[in-house]
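Structure record follows, encoded as structure tokens.
Bear in mind that the values in this text are calculations on the coordinates, not laboratory data. As the structure is a computational prediction, the values presented were derived from the model and not from experiment. Positions of Cβ are backbone-derived with ideal geometry, glycine not excepted, and every protein chain shown enters the neighbour counts.
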Amino acid sequence: MKIYRGRLAAVAAIILLIAMAAIALGCQQPETPAAQTPAATARAATSAGPEIQTIEATINSPEKAKAEATSDAIAFAWNLFMFNNWPALTTSKGQPDSRKSFGAPGPVVWQTYKTSQDMYVVSGQPLPWNQGPIVEPPALQSGMIDGKILTDRNGNPVMYEVRLSEDTYNYILGRGLYTQAGQLQLLKGGPPVTFPLPSMEIKAAWRFLGKGDDPTHYFTTKVQDGGVVRILGLSGLHITSKALPQWVWCTFEQIENLQTTGARLLLPIAAAVQQSNKAMQSGFAGTPWAYYQLDGVQTEYVQNPDAAACLRDPKVTCLANTQIETNFQGSSSCITCHSLASIGPNGRRFNLWSFRGGNQQGHMGDPPPLKPDVGLDFVWSMREAH
Ligand code: HEC
């Protein structure tokens, strides 16, 4: 049984849920990623084959991952998507099952990652990576980072969870950064916080499926809520990878989110991303993954840190997910906001928000200087440490 912690005072309703079973889908992937279009990868992935090994080879090799993230960030984003949403091995954590194809039932790789609650323990030490259940029950919360709650058309709150891959988890554990006291040590000096490759992190948004929902359009998981089994459908998925020093930022969402949650995507989707969506959705046909789209990938700071520019120009790389950054899409720069992940004297945290003309908005453009605070290598969930 998991107890969910509030993130911010502003975060209201917290619903306790116990995961019972996770149902997932996986894919499979073709040979040389360089010669292979993402769509061909998607098609090959949904039929049986050893293609996951090619994706793994890219994700797990610092050189290949960096090369692809630099030369074709969209293809890299889809590789991250397929790797993390591949059916997981049930014998060890964080590993895709190469005998299964993408879209096959069963928990997916990221559901075997540790949750942020596993990492930022209230007391004692986090368990070693391989201890605890292989499929970690989700630790769900209903508040967004601005303290608001997104409610769907059936009146249910959208729920969120954060997960850490093995490298991310072990790095925080190894450096003792899972407590606030451990993080405060950084103010006294020592090596900077730098996550190793292939560190990855996930932030997922789930909605309770109910009236009017077609579960075949969602990647789903089952949870028990006060004795009742409820089905959650994945509505949004942030994936980050340390392939680049400032990480790679990408976000995916279910394509019917506007109808189901009323949250409209305000930022334009770049033409190349739209093309990749069409191709991948047709490649994933017959699986729930055909109902997801990439909203975009961010690898650089916003060049024109003006919210209005973000809303009309797909080349200005703001990035937001309707399910996660719902109310501040026009000033949502994943990379800038996350560059502020830090700790200051007395455990104070950098303000997530800037106030232009009295309006609360996200920081955009190049990161402001952090000193005397010490940066936490873009990992904001570290503020959850006790
Ligand atoms: C205005 C600030 C802000 C923006 C913009 C933002 N995030 Fe975050 N993000 C956070 C905070 C704070 C957390 C800590 C967990 C929480 O409270 O939900 C977080 C958590 C995460 C996590 C879990 C790992 C971690 O770093 O803690 C991922 C992955 C993530 N965000 C990805 C993204 C992506 C991708 C985007 C852009 C589409 C984005 N974020 C935009 C503030 C932001």
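Taken over segment 92-220, the ratio of Cα radius of gyration to 2.2 N^0.38 Å equals 1.24.
Residue order for Lys203, Lys64, fewest other beta carbons within 10 angstrom first, comes to Lys64, Lys203.
Among Tyr169, Tyr120, a tally of other beta-carbon atoms within 10 Å of each Cβ gives an order, fewest to most, of Tyr120, Tyr169. Using a cut-off of 17 Å between alpha-carbon atoms, which aspartates and glutamates can reach Lys93, once sequence neighbours fewer than 8 places away in the same chain are excluded? Partners within reach: Glu56, Asp118, Glu136, Glu166, Asp167, Glu201.
Counting Cα-Cα pairs of segment 267-386 in 10 Å increments starting at 0 gives whole-percent bin shares of 13, 37, 29, 16, 5, 0.
The mean of 1/r over all distinct Cα pairs in the chain, once inverted, gives the Kirkwood hydrodynamic radius of 20.8 Å. Shown for Ser98, Ser332: other C-beta atoms within 10 Å of each C-beta, ranked fewest to most, produce the order Ser98, Ser332. Note: segment 268-321, Cα convex hull, 75 Å³ per residue.
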